[in-house]
Amino acid sequence: MKNLLILTFISPIISFSLSLDSLTQRPFVQAIQSHAPIMIDGILNEECWQSESYSNFTQRDPVEGSKPTFKTEFWIAYDDEAVYVAGRMYDDHPDSIVQTIGRRDADINGDWFAFAFDSYHDRRTAFFFGVYASGAIFDGTFFNDSWDDKSWDGVWDVATRIDDKGWIAEFKIPYSQLRFPEMQEYIWGVNFVRAVERLKEEDHFVMVPKKESGFVSHFADLIGIKNIHPPSRIEILPYVVSSLHTTNQFESGDPFNNGTKWTKNLGADLKFGLGSNLTLNATINPDFGQVEVDPAVVNLSQFETFYDEKRPFFVEGSNYFNFGSSGANSNYGFNWGSPDFFYSRRVGRRPHGDVQHDGYQDYPDATTILGAAKLTGKISDGWSIATVSALTKREFAKIDDGSGNRFEDIVEPLASYNIIRTQHEFNEGRQGLGLIGTGVFRNLNESYLTDNFNSRSYAFGIDGWTNLDSNKEYVITGWLATSLVKGSNQRIIDIERSYLHYYQRPGQNYLSVDSTSTSLSGYAGRFALNKEKGNIIFNTAFGFITPGFEVNDLGFQFRANALNGHVVLGYRWFEPDGIFRKKSFQIATYRNYDFAGHKFGEGYFLFWNTQLLNYWNLGGSFSSSFPAYDLFSTRGGPFMRNPRNYNAGLYGSTDSRNSIVYEIDLSASKSESGGSYMEISPGIEWKPSANLNVKLSTDISSGLTTAQWVPDSNPVEDSTALLTYGKRYIFSRLDQKEFSASLRLDWTFTPKLSLQLFFQPLISVGKYYGFKELAQAGTFTFNRFGEGGSTISYAESTNTYTVDPDGSGERNFSFNNPNFNEKYLRLNAVLRWEFLPGSTAFLVWTRSGDHSGNATNFNLGRDFGNLITAPNHYDVFLVKIAYWISP
């Protein structure tokens, strides 16, 4: 559903919005009991559809509060098996109804009709179901009153039909797909939305004004359903998968790799209803391979790259594990990132251990998940619970030394990953309190594993919120958490010296590496005040993460040792003014300090966003970061100083209803050090027919970094480098140019049969020059090699630089030429066929390619040609069939 959230900064693909100024004016809808079978065919000839309908809709867009252009009416019926919904969408010009076809949950431009059931009647959560006039469907869940999650895919039925009056949608939603406690008579929340695409019109049965907040809390009451029983919920999804892996990257004589590998697997996912409110998902011999490919990136920083989860077992219901963000409709973070306690891609990751022998290797691509279970639902009114437990296999790398000897080295230990999350909401969601706990346990049965893996790790947190007024205009949210990691002395030393912590940093007197410790612990928290509704935008927050906080065993964390605060103020106009349909602006400022009081961030921002009357979008930003300490560039060395930096951005897009849609994103930055960056990202979307969508997004950037860390042999030990604590930290200027593109093709033959193609080339070229060393800790001053008596020379035969930092010939050091020209290709083609409700077949081809060469020399035509014909390629051909069974 489109524009579902009425929040400026949360823009889910499918959304609802609605309308009531006061919760005291709640309407109701009467469900009709059907005593005869209802045929889902889009023909409303059953007796239950001949009764009085509901048609009191209100326009939300384009003119809030106006009468709809066309009438919409609906009915709700039920029997012992399911609840049924019929919608009649009148249209004076049926031939103009936009019938775009897309695969399930796709964001497409077309006429649609949708509704949501708050079957728990908690005024905070709901299931939503929708259909386009073409028959394409979408569904999902609401949580936190107004946020949506389309990862849930229910098994339900719908039929659409276009006639001379407009179009019809007829739904059947089995009770097994909903969650509700058993009662004699039920009251649920309900709401309906209809969209007329060519008019950009959305009409709502209950319409929340744009300046209001919340969504589910405004629903009408659905009454009349009685004497039904929540069914026993058992679903079984057995699957079989087979894949062929081919590559041309293998050595002659490699006993493990001849360029071809077949794999096959079978297993089953099971779903059980525990009572009426809880659902247990279990998996036997799971297939946790990805159908969709990850994008290529070039990461020159010390920070880990975050990748989205794509595996359905972990994606579905992931909103249950959101921590610290509930209660408010906006959560800002300027130069702050709250730790994610559950980064599910840690489970089944590529093994991290080192082999203990030399020779040919057969190294596993991923860690096998032996089994996993997930429990989600509500244990009482307003009290939810979610837990995941997964056991991963001990993985071995096979090594052949070429002399007939073979070895098996453990590269990932047997491990158990566990998380539990519970949350209780009070007073119709005005207050809430939640807990989260995680635990990772590894069996380190070999001595060489103890220094490479944590033996145990734990995290525990509490979060909550409270509204400050009865109108729910202001809310305070907050969370507190603690972590504990256990391991060998060397393992804890390695964590303390890692990029998150840098306990070894010279010149700091409040942290140091503890070579005797076998554990590391820390704390973190954040508190925020948010204005939930109205034209004025206001948000302020303060957060902290102590130096020893660490949740990366099961979570994702990119910062520790930080104190952060911000203030955001803005204004929104929702009414058209003759030029703009809507507009807004925000200003913001933030500060960052470490726990010694060093300021390492200070910034100021201006954002503006508009939509013109012709539905073109235009916006931009300006920001400036002030001089502050740099905690990261020396990678555990002394502080540096960051100079002032300025950034500006501009974006725009044309009317999404057109067959060709254009978009552009421009950004530029300038540093007082002389560094600069420019990026242009044009895009085009072409919709040549109702069932074909082609979208091309490109990104071209050019940047000059005046102090880039040189990756090889850095830092250099030298007792005479007194101003940098006995080490030389090597930097250079970096001229980097990058081109990337993503081409997506969606060809939907029917709503249940579709072909997707994703094509991404990435070319990144970097030239390092002007090599130098940090002159003094805490500054942005450098000694340039080749000046002041120092020398630097380049040996082409070895592709290395040799530096004599003082001309004495006694302290020479060398490093490899860091210049690069890296090219990557990702191609993914997926044919999906839902041959029966809940049953799907996949045919997949994935290609990954790479190429290196012509370092420092960027030539788009040549480099792109080299990439397409890259000699290094890896192909996967996969067939997967999953069959849904519900006894």
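The values are calculated or read from the model by the stated rules, or taken from the named source; none is laboratory data. Bear in mind the structure is a predicted one, so any value in this text is a computation, not a measurement. Glycine also receives a Cβ, built like all others from the backbone with ideal geometry; neighbour counts cover every protein chain displayed. All accessible areas refer to the heavy atoms of the entire protein, side chains included, with ligands and DNA or RNA removed. Shrake-Rupley method; radii C 1.70, N 1.55, O 1.52, S 1.80 Å.
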Taking the Cα centre of the chain as origin and charging only Cβ (+1 Lys, Arg; -1 Asp, Glu), how large is the dipole, in debye to the nearest 20?
1140
Along segment 350-360, what does the Karplus equation 6.51 cos²θ - 1.76 cosθ + 1.60 (θ = phi - 60°) give for ³J(HN,Hα), rounded to whole Hz, x for Gly and Pro?
5, x, 10, x, 8, 6, 9, 9, 9, x, 5
Highest average packing first - 353-359, 210-216, 496-502, Cβ atoms within 10 Å
210-216, 496-502, 353-359
From phi via Karplus (6.51, -1.76, 1.60), per-residue ³J(HN,Hα) for segment 320-326 in Hz, x at Gly/Pro
4, 9, 4, 10, x, 10, 6
Among all the lysines, which ones have a C-alpha under 25 Å from Lys737's C-alpha, if same-chain residues fewer than 8 places away are not counted?
Lys670, Lys695, Lys767, Lys772, Lys823
Pop out the ³J(HN,Hα) list for segment 782-787 in order, Karplus 6.51 cos²θ - 1.76 cosθ + 1.60 with θ = phi - 60°, rounded to Hz; leave Gly and Pro as x.
9, 9, 8, 5, x, 10
Looking at segment 316-393, which trypsin sites (Lys or Arg not before Pro) are DSSP coil and have at most 14 other C-beta atoms within 10 Å of their C-beta?
Arg349
Interchain or long-range residues, amide H under 5 Å from Asn277's placed H:
none
Accessible area of the chain belonging to carbon and sulfur atoms, whole % at 1.4 Å probe
54
Mean shadow of segment 786-858, computed from the convex hull of its alpha carbons, in nm²?
9.4
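Of Lys374/Lys752; Lys211/Lys378; Lys310/Lys752; Lys172/Lys378; Lys71/Lys226, which sit over 22 Å apart, Cα to Cα? Each step should come with its number before you reach the end.
Values: Lys374/Lys752 28 Å; Lys211/Lys378 31 Å; Lys310/Lys752 20 Å; Lys172/Lys378 24 Å; Lys71/Lys226 30 Å.
The pairs that break the limit, which is 22 Å between Cα atoms, are Lys374/Lys752; Lys211/Lys378; Lys172/Lys378; Lys71/Lys226.
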Charges only on Cβ, +1 for Lys and Arg, -1 for Asp and Glu: so what's the dipole of segment 486-545 about the Cα centre, in debye to the nearest 20?
180
Rounded to the nearest angstrom and ordered from largest down, what semi-axes does the equivalent ellipsoid of the chain get from its C-alpha gyration tensor (root of 5λ)?
50, 32, 29
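Sequence gap at least 6, Cα distance under 8 Å: using those rules, report the relative contact order of the chain to the nearest whole percent.
Working: 2403 pairs, mean separation 76.1, N = 887.
For the chain, the relative contact order is 9 percent.
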What accessible area per residue comes out for segment 88-128, rounded to a whole number of Å², with a 1.4 Å probe?
30
